[in-house]
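Colleague: What follows is a single structure, and I will ask about it in a moment.
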Amino acid sequence: MLDTLLISIDQLLAIHGSHGPKRGKDMSTLPVIKNAALGIKDGKIAFIGTTEEAKGLEAKEIIDCKGKIVSPGLVDPHTHLVFGGSREHEMALKQQGVSYLEILARGGGILSTVKATKDTSEEELFQKGLFHLDRSLSLGVTTMEAKSGYGLDRETELKQLRVAKRLNEAHDMDLVSTFLGAHAVPAEYKEKPEGFLESMLDVLPYIKEQGLADFVDIFCETGVFTVEQSRRFLERAKDLGFNVKIHADEIDPLGGTEMACGIGAITADHLVGVSEEGIRMLGTSETIAVLLPGTTFYLGKDSYAPARSIIEAGGAVALSTDFNPGSSPTENLQFIMNLAALRLKMKPEEIWNAVTVNAAYAIGRGCEAGAIETGRWADLVLWDAPNYHYLPYHYGVNHVNTVWKKGKKAGERKPAYA
Ligand code: IZC
Ligand code: ZN
């Protein structure tokens, strides 16, 4: 006897996840079962087939999904989830044409959120995190990454990581943590960024021992950290047993992508200004390109990351919100799917792979999240959409009908924090 049986699903996106991320041409393949059925038992996917094949199966609850589609729960692989305050006060500066990096150079931007995060208690950060996680889950995301990086000192960075760990335990969302202590140079280290990076490296053994982060990341950008500083920092992090990620070529084309591919980073993120050589290397290395078109949109730029060239070179692309209070204040990964269609010219099949299987591999969860296979956790979304082409097309709204996390309807499970 199944717990739940979904029948008459117009399209079931039965994305496979056990063979690594999808690269190049393979990104356009999307296994679709029409008039499909899916059974859930003990939180796991127990049956996948057609409605015809499901005849005779018994379940405590049978849901007719006519006119709707089902996909894996979405995976958001790059967020700055835990932060104090917000940055709406910078909107007027943005409107006057003051750039993101100029606001940062004036002590605002990331540094303004650092101050707010230091001033916010651990409990308040936790409550704020729950609020954003509820919203992400309601938008169809069932697994996401969360970076630190608004402390820039040992105490506050650890505070953020502890909050993320508690959020992972308390909330239905599965959270994967990344240490982004190297997110900006604090004022007191302005003349000695190397000393600052050393101080952040000093925190890593404790983070490892406490299991507070899986990944280490750095913001490689003009006025923040150079490619050489980033390389040394990430190599030291690797030596300490961390997988590494990088914010590369987001605003200025510095060559962070080539460096990331060269050192075997699990992902290189942003890539708006990636070079031809960087694109070629993404096509031949294991490094996954995490593209964040919401940020380009929000920064008001005309030129977006070259998703088509990366895919044509054989690369693996994942998509993410970059949810953060400065350059991308949104939890809405569905809107990012719209931007991927409109601005990155990605095909619907590529977009679905980029927010599921590839996004899961981008955070080391390819064997658990982002796919629909029997035996896996039932992390699923039922969408009010007639076909999978529909989501990238109909923009700016929430198409979610129902989200299941580990087989339980989101909202039905009593949250551990209630
Ligand atoms: O708070 O501005 N790009 N880091 C690098 C960010 C954006 C987050 C922020
Ligand atoms: Zn980021």
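Laboratory data are not the source of any read-out in this text; all were calculated from the coordinates shown. All figures in this text were calculated on a predicted structure; none of them were measured in a lab. Cβ coordinates were reconstructed from backbone atoms using ideal geometry, including for glycine residues, and neighbour counts include every protein chain displayed.
Colleague: Separation of segment 185-201 and segment 132-157 by C-alpha centroid, Å?
Modeller: Cα centroid to Cα centroid, the span is 24 Å.
Colleague: Next question, about the same structure. Per 0.36 nm of contour for each residue apart, how much would the distance between Ser138 and Arg106 grow if the chain were fully extended, relative to their Cα-Cα spacing? Mind showing how you got there, number by number?
Modeller: Values: separation 32, 0.36 × 32 = 11.52 nm, distance 3.66 nm.
Stretched fully, the Ser138-Arg106 segment lengthens by 7.9 nm.
Colleague: Glu194 to Thr284: FRET efficiency via 1/(1 + (r/R0)^6), r the Cβ-Cβ distance, R0 30 Å, to the nearest 0.05?
Modeller: Calculated value: 0.40.
Colleague: Moving to a separate point now. Just want to confirm a number: the relative contact order over segment 230-375, from Cα pairs under 8 angstrom separated by 6+ residues, in percent. Kindly include the intermediate steps, with their values, before the conclusion.
Modeller: Details: 264 pairs, mean separation 24.4, N = 146.
Worked out over segment 230-375, it gives 17 percent.
Colleague: Exceeding 25 Å between C-alpha atoms, which entries from my cross-link table qualify? They are Lys115/Lys165; Lys34/Lys347; Lys25/Lys66; Lys165/Lys408; Lys192/Lys245.
Modeller: From the list (Lys115/Lys165; Lys34/Lys347; Lys25/Lys66; Lys165/Lys408; Lys192/Lys245), the Cα-Cα distance tops 25 Å for Lys25/Lys66.
Colleague: May I ask you to derive the FRET efficiency for Leu240 and Gln95 from their Cβ-Cβ distance with R0 = 45 Å, giving the value to the nearest 0.05?
Modeller: My answer for the efficiency is 0.55.
Colleague: In whole angstrom, how far apart do the alpha carbon centroids of segment 1-51 and segment 381-412 sit?
Modeller: The distance from the Cα centre of segment 1-51 to that of segment 381-412 comes to 14 Å.
Colleague: May I pose another question? May I ask you to compute the full-extension gain from Ile62 to Tyr395, defined as 0.36 nm times their residue separation minus their alpha-carbon distance, rounded to one decimal in nm?
Modeller: 116.9 nm
Colleague: What list of ³J(HN,Hα) values in whole Hz, one per residue of segment 61-76 in order, does the Karplus curve 6.51 cos²θ - 1.76 cosθ + 1.60 (θ = phi - 60°) give from phi, with Gly and Pro shown as x?
Modeller: Here the 3J(HN,Hα) series is 9, 10, 10, 7, 10, 4, x, 10, 10, 10, 10, x, x, 6, 10, 10 Hz.
Colleague: Still on this structure, I have one more. Taking 0.36 nm per intervening residue step and subtracting the Cα-Cα distance, what contour gain separates Asn35 from Asp302 on full extension? Working shown, then result.
Modeller: Values: separation 267, 0.36 × 267 = 96.12 nm, distance 4.11 nm.
Fully extending the segment from Asn35 to Asp302 adds 92.0 nm.
Colleague: Placing unit charges on C-beta atoms (Lys and Arg positive, Asp and Glu negative, everything else neutral), compute the dipole magnitude of segment 1-104 about its Cα centre in debye, rounded to 20. Provide the component values of the computation, followed by the final result.
Modeller: Numbers: 12 positive and 13 negative charges, 58 e Å.
The calculated dipole for segment 1-104 is roughly 280 debye.
Colleague: When you count, for each residue, the other Cβ atoms within 10 Å and take the mean per peptide, how do 36-48, 66-78 rank with the highest first?
Modeller: So the order, starting with the most tightly packed, is 66-78, 36-48.
Colleague: Given contacts defined as C-alpha pairs under 8 Å and at least six residues apart, what's the relative contact order of segment 1-54, whole-number percent?
Modeller: Working: 87 pairs, mean separation 23.5, N = 54.
Taking the mean separation of contacting Cα pairs over the length of segment 1-54, I get 43 percent.
Colleague: Here is a follow-up. If amide H atoms are built 1.01 Å from N in the plane of the peptide, which residues on other chains or at least 5 residues away come under 5 Å of the amide H of Ile63?
Modeller: Leu5, Leu6, Ile7
Colleague: Now for a different question. Could you name the aspartates and glutamates whose alpha carbon sits less than 18 Å from that of Lys118, not counting residues in the same chain fewer than 8 places away?
Modeller: Within the straight-line cut-off, Lys118 pairs with Asp153, Glu155, Glu157, Glu188.
Colleague: Going by a ≥ b ≥ c, the root eigenvalues of the Cα gyration tensor, does segment 68-126 fall in the rounded group (a/c under 1.5), the prolate group (a/b larger than b/c) or the oblate group?
Modeller: oblate
Colleague: Based on the mean of other Cβ atoms within 10 Å per residue, sort peptides 288-297, 308-317, 116-125 so the most packed one is first.
Modeller: Details: 288-297: 27.6, 308-317: 21.8, 116-125: 15.7.
Packing proxy ranking, top to bottom: 288-297, 308-317, 116-125.
Colleague: For a test of the definition: using alpha carbon positions, the gyration tensor, and the 1.5 limit on a/c, classify the chain as rounded, prolate or oblate.
Modeller: The shape class here is prolate.
Colleague: If we sort 155-161, 351-357, 185-191, 13-19 on the protection proxy, mean other Cβ atoms within 10 Å, highest first, what's the order?
Modeller: On the way: 155-161: 21.6, 351-357: 28.3, 185-191: 13.1, 13-19: 17.6.
Top of the packing list down: 351-357, 155-161, 13-19, 185-191.
Colleague: On to the next question. Taking the chain as the reference, fit the longest principal axis to its C-alpha atoms, fit the long axis of helix 122-138 to the helix C-alpha atoms, and give the angle between the two in degrees, 0 to 90, nearest 10.
Modeller: Once rounded, the angle reads 40 degrees.
Colleague: How high is the FRET efficiency between His19 and Glu123 when r is their beta carbon distance and R₀ equals 45 Å, given to the nearest 0.05?
Modeller: The formula returns an efficiency of 0.60 here.
Colleague: Please report the base-10 log of the normalised intensity I(q)/I(0) for segment 113-194, using a Debye sum with one equal scatterer per alpha carbon and no solvent, at each q in 0.12, 0.14, 0.20, 0.21 (1/Å).
Modeller: For segment 113-194, the Cα-only Debye profile gives -0.37, -0.49, -0.87, -0.93.
Colleague: Could you tell me how many degrees, from 0 to 90 and to the nearest 10, lie between the Cα long axis of helix 154-170 and the main elongation axis, the longest principal axis, of the Cα atoms of the chain?
Modeller: Approximately 10 degrees, to the nearest 10.
Colleague: Let me ask something else. Percent antiparallel among DSSP beta bridges with both residues in the chain, to the nearest 5? Show your work: numbers first, answer last.
Modeller: Working: 25 of 57 bridges.
Given both bridge residues lie in the chain, the antiparallel proportion sits at roughly 45 percent.
Colleague: Okay, next question. Could you work out the relative contact order of the chain? I mean the mean sequence separation of Cα pairs under 8 Å and 6+ apart, divided by the number of residues, in percent.
Modeller: Relative contact order comes out at 22 percent.
Colleague: Now for a separate question. Grab the DSSP H runs of the chain that are 4 residues or longer, score each as -39,500 (n - 2.57), total them, divide by all residues and round the 222 nm result to the nearest 500 deg cm²/dmol. Provide the component values of the computation, followed by the final result.
Modeller: On the way: 16 runs with 139 residues, N = 418.
Taken over the chain, the calculation gives -9000 deg cm²/dmol.
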